[in-house]
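The block underneath contains the structure these notes are about, expressed in structure tokens.
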Amino acid sequence: MKDVKTEKGIGRRAFLGASAVGTGAIVAGLASPQPAGAQAARPAPQVDFPEDPRAFGGGGAAAGAVNRTEMDLVDCEVEGDWPVDLDGAFYRVGPDPQYPKAPQWVGDIPFDGEGHVSMFRIKDGHVDYRTRYARNQRWKAQREARKSLFGMYRNPPTDDPSVEGLSRGTANTQLFVHHGKLLVYKEDSPPVVMDPLTLETLDDYYTFGGALESETHTAHPKIDPLTGEYIGFGYEASGFLSKDVNVFSANRDGTITWSVTVEAPYAGMMHDFCVTQDYVVLYLTNMVADPDIIAAGGPHFAYDGTVPCYLGVLRRGGDGSDIRWMTGPNLFCTHVMGGWNEGTRITVDMDGGEGNQFPFFPSKHGGFDPQAAIGRIRRFTVDLANPANTYRAETIFPEITGVLSRQDDRYHTLPYRYGFLLATGPGGGWAVIDHQTGTSRVLSVPGYSLSEMCFVPRSKDAPEGDGYLIGIGSSVEDAGRSDLILFDLQSGSDEPRARVRMPFKCVGQVHGFWADASDIAGASQG
Ligand code: V55
Ligand code: FE
């Protein structure tokens, strides 16, 4: 029976070509291509990652496919004009396989690695580096057993029976600092809380004091800068494969003050969302949760190009009965750059392709199309005064291709001027979009391949876009050795202002987050 499952799961996979440009191929250190067929069974106790680079953790540490090293490096080597008044922390997180999978699950996808958090603590011109795994329920059970106990990506029936009832959350996707906590997310589970300075795991299943009504929580919550409110959501909120979507907000203290549950047209991936001053905008992609593929031991999602993506709009603070699901040009969008509303008119900017951007998920019809995966900035507009449940979508800045868009986070919910994304293709780098002038530029570092960046305001109340871009670059010549790269957006130069030369390739990431020291309890003590 298990062999049948494996065969089916793997046979359905699309091939990830070298030219793939989807988000899934871009997340740093995770660019491992396609999982392969089952390896021959190995003796149990050894930690011996499969050699096939397409397998989960394939090649192990020697191939840079896993890192697994928790470490502290005090006073990293800093080069250039590092701004000495910068005081805060740049956090990153990504999947980093804790153990090789049991032989029948070596075809698991990179998104299923255990969350490994890294932090650059920056103060007085000093940069200290620390990394820790999120000690979630899964990590602890596997640590105890000294082996992998969880099967396929978001597929509980594939787990070892000993872990039934434990959270499957890997905390491997994004992090956020709010109400004094470092929250670490995987969208299939509630957040994990870590101490923002020591990175000690404080809560392996954080429910906002028991008030979280969803069994899941997005990796991309938003902040209302006018109130300090935190707005989050969870899909498959009422359990595995449920169509329920819970949307909530919490005040500055982390007390949930609004929570409402709506129903989506189908169960599918809803990775990011947009919050405006008056509305919450959900986005359901046609990466569907297919019960047959799941029952056959495949991953939780499969791409179905025959079903529409939906934009879901509801009023903030309402009871959810006003939810409207809208269709339009079908675009596979994963990340929100920004969005706002003027009365009933809503604008949301997302990056996305015309088709699947995650080649390691199976495709229900046809293969993976690298061309359709190419991301561009898509501007979605809706006027709720119009009774038709349709949105408009146009491509803006068509000269820029890329993924993982974001903004100056202090402009969540508001009209915004600057957006950023990881530009792919020739001349890739960090794209800076200026919506006001309609211009864009790409900051690149010759010989380096860049991960997603984060905007750092020059000071807490600096004007929008006045500050830095920070992120990891991986040296092509130097076997992937990492630099932490800092561009000053106002310097007038296209060169980095400063770099931190790391002595190794840093643990991989999906996303990063900047927190100002004033938001980190205890940061002023050093
Ligand atoms: C994403 C990442 C995930 C996931 C679902 O980037 C979506 C999108 C790292 O895990 O599980
Ligand atoms: Fe994301």
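Cross-link pairs exceeding 27 Å in C-alpha to C-alpha distance, out of 222/505; 222/243; 181/460; 140/460, comprise 222/505; 140/460. Rg and Dmax, both from the Cα atoms of segment 105-225 and both in Å, are 15.1, 50.
Of all aspartates and glutamates in the structure, those lying under 12 Å Cα to Cα from residue 123, and not within fewer than 8 positions of it along the same chain, are 75, 85, 87, 516. Placing R0 at 22 angstrom, the Cβ-Cβ distance between residue 79 and residue 441 gives a FRET efficiency of 0.40 after rounding to 0.05. Going 7 Å from the Cα of residue 140 toward and past its Cβ, which residues in segment 252-277 have a backbone nitrogen under 13 Å from where you end up? Within reach of a label on residue 140, which here means backbone N under 13 Å from a point 7 Å along Cα→Cβ, segment 252-277 contributes nothing. For segment 335-459, the extents of the C-alpha atoms along the principal axes are 49, 49, 21 Å, listed from largest to smallest. Only alpha carbons enter this Debye calculation for segment 268-370, each as an equal point scatterer, and the log10 of I(q)/I(0) it gives at q = 0.09, 0.12, 0.21, 0.25 Å⁻¹ is -0.26, -0.44, -1.06, -1.32. Label-to-label distance, residue 62 versus residue 345, with points set 7 angstrom from Cα along the beta-carbon direction: 6.2 nm. Percent of Cα pairs in the chain per distance bin of 20 Å, from zero to the largest separation: 24, 61, 15, 0.
Taking amide hydrogens as placed 1.01 Å from N in the peptide plane, the amide H of residue 448 sits under 5 Å from those of 476, each at least 5 positions away in sequence or on another chain. For residue 518, the shell of other residues with beta-carbons less than 9 Å away shows a net charge of -2, using +1 for Lys and Arg and -1 for Asp and Glu.
Shape index of segment 481-521: Rg/Rh, with Rg the Cα radius of gyration and Rh the Kirkwood radius from the inverse mean 1/r over Cα pairs, equals 1.04. Remark: spin-label model distance residue 388-residue 47 equals 5.8 nm, labels positioned 7 Å along the Cα→Cβ axis.
With a simple spin-label model that places each label point 7 Å from the Cα along the Cα-to-Cβ direction, the separation between residue 417 and residue 205 comes to 4.7 nm.
Electrostatic tally near residue 466: other residues with Cβ closer than 15 Å to its Cβ, Lys and Arg +1, Asp and Glu -1, net -3. What's the FRET efficiency of residue 198 with residue 327 using the Cβ-Cβ distance as r and R₀ = 51 Å, to the nearest 0.05? Working from the Cβ atoms, E equals 0.60. Please list, in order, the residues from segment 297-337 whose amide nitrogen is less than 12 Å from a point placed 7 Å along the Cα→Cβ vector of residue 266. Of the residues in segment 297-337, 302-310 have backbone N under 12 Å from the label point off residue 266.
Every read-out reported here was derived from the displayed coordinates using simple, explicitly stated rules and does not represent laboratory data. Keep in mind the model is a prediction, meaning the values are calculated, not measured. All Cβ positions, even for glycine, are placed from backbone atoms using ideal geometry, and neighbour counts span all protein chains on display.
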